[in-house]
Amino acid sequence: MLTRRGIAVSPGVVIGPAFVLGSEGFRIPRRFVQVDAVETEIARFHAALDSVCEEIATNQKLATEQLGKQYGAIFGAHRQMARDPSLTGEIEELIREKSHSPEYASCRVLRRYANVLENLGNQYHAERAADFHDLEKQLLRHLLGESREELTHLTEPVVVLAHNLTPSETAKLNQHNNNFVLGFATEVGGPTSHTAILAGALEIPAVVGISKFLSDLSGGETVIIDGNHGRVIIDPDEATLERYRDSEARRRTVAERLESLVSLPSVTLDGEPIQLLGNIEFPSEAAHCMNRGAAGIGLYRTEFLYLERNANPTEDDHFAAYSQVIRESRGQPVVIRTLDLGADKVPGFSQQLFDSAPNPVLGLRSIRLCLRNLPLFKTQLRAILRAAAHGDVRIMFPMISTLLELRQAKMILGDVMEDLEEQGLEFKRDVPVGMMVEIPAAAMLAEEFAREVDFFSIGTNDLIQYTLAVDRSDPNVADLYRSGDPSILRMIRHVVAAAARNNRSVTVCGQMSSDPKFLPLLVGFGLRQLSATPQTIPKLKEVVRSLTIEKAEEIARHADSLELARDVENYLRGELQSLCPDSVI
Ligand code: PEP
Ligand code: MG
């Protein structure tokens, strides 16, 4: 039995056989081919190369459409590299002269090119070296017919163990698999990475940031994923299995008790309503959210429309997705956030493109990307405005850092309304417009921003990342990523106060609001609306119903007097335990 620790990102426990997704390395089964098969092998190499070039061309087309010509050109350069006659000539020569297999020959040649560039020791050449590594991987995928897509061929329930899962891979996990993915664990990943958030959306237990452990496994071993405590147990002994089965039974009892709260109102003991909304990534989650007792959708992360498919969604695709969410939200409010692509949320087809940004988290992402690519942005805005005619829709812009950016986004929204008007299409004009407060600059200028928007939604995931300068997806600094840091509390207070002075509504939609121990604090700060992961809503409601506003304010005051995140979080944990003793597992 082997226990590895990581970061718990989606609760629950699952036990199942391990399905190990190879890290980036491919196994090359044979180094030599029969001399009389050389010509056939050369033809096989060229067929693989043609497929790779076709793939690059498709990605080039998509990137050009979505992001503009200059980005498409990057793929053009990749295609040229793949077709370079001296490179392909060298590979062919190794197959012909040394009877090397195309797999082995491609690796040798491409790795040599990459090594030469890497040894030049500068950033530019290191990035070009990465292009050769990419080409090697693409070629091997075609030559070996072996790819990470093997995950789409599951025939039985498994626990997925991987070095990394990108958000787009995670989004597709159960799409083709009849829900056979019971849970997952990864070597990398941070506490509020989008892969972690998606695990919550898919409602499968997950642990990330375990660091190297895949070499201990070959697949098929029994594995426990403990998403409550961040543990992965390989080959558990009988006593451990028994213990986990017991704790699962206890968790089910708590879940059943919480289920009985679904139809009860979310009000404090002294009668103050606290609106609990749901965060969703996929349209299908809307109904699920409402079934959990949500009062609407507080955050719809629309970029997942791009991450779960291999082509750009059309205006009709957007419209269909938004209409489904509106329909299934049964007349409750739906906050549709405009595209927040970039950083770790990158469509598979343009991965290489975003990878080349020196610091993607601070780079061309989210609203910045939309403002530079108006066709992309306008397509989405048209669909939102058209769908808004059928429900209580609000539009929210992500990653706003300056007033100018907000004004540009609103101006484009106005232009889109005029276009729709001219075309005589049905749409809603008076849609409330809000913004995420997730960059410290926006939090500091909350007073000014409040005059120009209808509502704020505090995105603590990014706000913490940017305030504390801690990458939210990096497990090496996960211990420094603290929602309870006094700087974060002070910023939230500041934003809530600015919203109140300007009579604007404000919510918190980062993962902080899905953690029940922060609920009394946030209510004590004056928040009356929170948007959380759907599966946590019943638990949050239980905390609301055991709280008075006076108690919440007292908790907030005391938390404010503490100097360390650790002390704030321990204090809040203790308070939660005394408010809801049965709920903490
Ligand atoms: C946030 O940053 O808190 C947020 C809700 O947005 P996302 O997690 O999608 O970046
Ligand atoms: Mg964010």
Exercise. Being open to solvent by 10 Å² or more (accessible area, probe 1.4 Å) and within 12 Å of ligand 1 (Cβ to nearest atom) is the filter here, so list the residues in region 430-440 that pass it.
Key: I439
Quiz prompt | Number of positions in region 386-397 that are away from ligand 1 (no atom under 16 Å from the Cβ) and of a type in the set (K, R) | solution = 1
Quiz prompt | Filter result (touching a residue at least 40 places away in the same chain (Cβ under 8 Å) and of a type outside the set (S, T, Y)) within region 539-555 | solution = K539, L540, K541, E542, V543, V544, R545, L547, I549, E550, A552
Exercise. Could you figure out which of (1) modelled with pLDDT of 95 or more; (2) open to solvent by 60 Å² or more (accessible area, probe 1.4 Å) isn't true of A443?
Key: (2)
Quiz item: H390 is checked against (1) free of Cβ contacts under 8 Å to residues at least 40 places away in the same chain; (2) loosely packed, with under 15 Cβ neighbours inside 10 Å and fails just one. What number does that condition carry?
Solution: (1)
Quiz item: Going by the structure shown, is D316 out of contact with any strand residue (DSSP E or B) (no Cβ under 6 Å at 6 or more places or on another chain), acidic (D, E), outside the structural domain of P167 (by TED's automatic domain parsing) and not in a helix (DSSP H, G or I)?
Solution: no
Practice problem: Would you mention how many residues in region 256-270 are farther than 22 Å from K551 by Cβ and within 28 Å of the chain's Cα centre (by Cα)? | Solution: 2
Quiz item: Taking region 461-490 as the region of interest, how many residues are touching a strand residue (DSSP E or B) at 6+ places or on another chain (Cβ under 8 Å) and either free of Cβ contacts under 8 Å to residues at least 60 places away in the same chain or buried (at least 24 other Cβ atoms within 10 Å of the Cβ) (or both)?
Solution: 1
Practice problem: Of all residues in region 473-518, count the ones that are among the aromatic types (F, W, Y) and either within 15 Å of ligand 2 (Cβ to nearest atom) or touching a Leu at 6+ places or on another chain (Cβ under 6 Å) (or both). | Solution: 1
Quiz item: Looking only at region 263-292, which residues are closer than 24 Å to H194 by Cα and not aliphatic (A, V, I, L, M)?
Solution: G278, N279, E281, F282, P283, S284, E285, H288, C289, N291, R292
Quiz item: Taking I400 and the conditions (1) without any contact (Cβ under 8 Å) to a residue 60 or more places away in the chain; (2) within 16 Å of ligand 1 (Cβ to nearest atom); (3) surrounded by fewer than 24 Cβ atoms within 10 Å (Cβ to Cβ), which numbered condition does it fall short on, given that it satisfies the others?
Solution: (3)
Quiz item: Counting just the residues of region 159-196 that are buried (at least 22 other Cβ atoms within 10 Å of the Cβ) and assigned to a helix (DSSP H, G or I), which one comes out nearest to ligand 1 (Cβ to nearest atom)?
Solution: H194
Quiz item: Going by the conditions given, is V262 touching a residue at least 40 places away in the same chain (Cβ under 8 Å), more than 16 Å from R5 (Cα to Cα) and assigned to a helix (DSSP H, G or I)?
Solution: no
Quiz item: So, of the residues in region 449-475 that are assigned to a loop (DSSP other than H, G, I, E, B) and more than 24 Å from the chain's Cα centre (by Cα), which turns out to be nearest to ligand 1 (Cβ to nearest atom)?
Solution: V453
Practice problem: Check whether at least one residue in region 525-539 is away from ligand 2 (no atom under 13 Å from the Cβ), of a type in the set (G, A, S), open to solvent by less than 10 Å² (accessible area, probe 1.4 Å) and not in a helix (DSSP H, G or I), and report yes or no. | Solution: yes
Quiz item: Does V109 meet the test of being surrounded by fewer than 17 Cβ atoms within 10 Å (Cβ to Cβ), without any contact (Cβ under 8 Å) to a residue 40 or more places away in the chain, among the β-branched types (V, I, T) and part of a helix (DSSP H, G or I)?
Solution: no
Exercise. Filter region 154-205 for residues that are modelled with pLDDT under 85 and in contact with a His (Cβ under 6 Å, 6 or more places away or on another chain) and give the result.
Key: P167
Exercise. Find the residue count for region 294-338, including only residues that are open to solvent by less than 10 Å² (accessible area, probe 1.4 Å), more than 30 Å from S263 (Cβ to Cβ) and modelled with pLDDT of 95 or more.
Key: 2
Quiz prompt | Failed item, numbered, when A450 is tested on (1) touching a helix residue (DSSP H, G or I) at 6+ places or on another chain (Cβ under 8 Å); (2) within 16 Å of ligand 2 (Cβ to nearest atom); (3) open to solvent by less than 20 Å² (accessible area, probe 1.4 Å) | solution = (2)
Quiz item: Got a sec? Which helices (runs of 4 or more DSSP H) wholly within region 358-448 have at least 2 residues that are small (G, A, S)?
Solution: 374-388, 403-422, 440-444
Quiz item: Failed condition for G230, given (1) modelled with pLDDT of 90 or more; (2) crowded, with 24+ Cβ neighbours inside 10 Å; (3) closer than 26 Å to L463 by Cβ, with all others met?
Solution: (2)
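For (1) farther than 30 Å from L341 by Cβ; (2) of a type in the set (D, E, K, R); (3) part of a helix (DSSP H, G or I); (4) at pLDDT below 85, each residue gets a yes or a no:
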{"site": "S51", "(1), (2), (3), (4)": "no, no, yes, no"}
{"site": "N59", "(1), (2), (3), (4)": "no, no, yes, yes"}
{"site": "T64", "(1), (2), (3), (4)": "no, no, yes, yes"}
{"site": "G89", "(1), (2), (3), (4)": "yes, no, yes, no"}
{"site": "E93", "(1), (2), (3), (4)": "yes, yes, yes, no"}
{"site": "A114", "(1), (2), (3), (4)": "no, no, yes, yes"}
{"site": "E127", "(1), (2), (3), (4)": "no, yes, yes, yes"}
{"site": "L139", "(1), (2), (3), (4)": "no, no, yes, no"}
{"site": "E149", "(1), (2), (3), (4)": "no, yes, yes, yes"}
Practice problem: Please go through region 6-20 and pick out each residue that is at pLDDT 90 or above, open to solvent by 20 Å² or more (accessible area, probe 1.4 Å) and not in a loop (DSSP other than H, G, I, E, B). | Solution: I7, A8, V9, V14, I15, P17
Self-check item: Selection within region 215-227 - modelled with pLDDT of 90 or more and open to solvent by 30 Å² or more (accessible area, probe 1.4 Å)
Solution: T222
Self-check item: Selected residue (only one of L420, L369, L364 is within 16 Å of ligand 1 (Cβ to nearest atom), more than 22 Å from A286 (Cα to Cα) and open to solvent by less than 20 Å² (accessible area, probe 1.4 Å))
Solution: L369
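The values are calculated or read from the model by the stated rules, or taken from the named source; none is laboratory data. Since we're looking at a predicted model, the values are computed, not measured. When we count neighbours, we look across all protein chains shown, and the Cβ atoms used for this are built from the backbone with ideal geometry, even at glycine. For accessibility, only protein heavy atoms count, side chains too; no ligands or nucleic acids. Shrake-Rupley method; radii C 1.70, N 1.55, O 1.52, S 1.80 Å.
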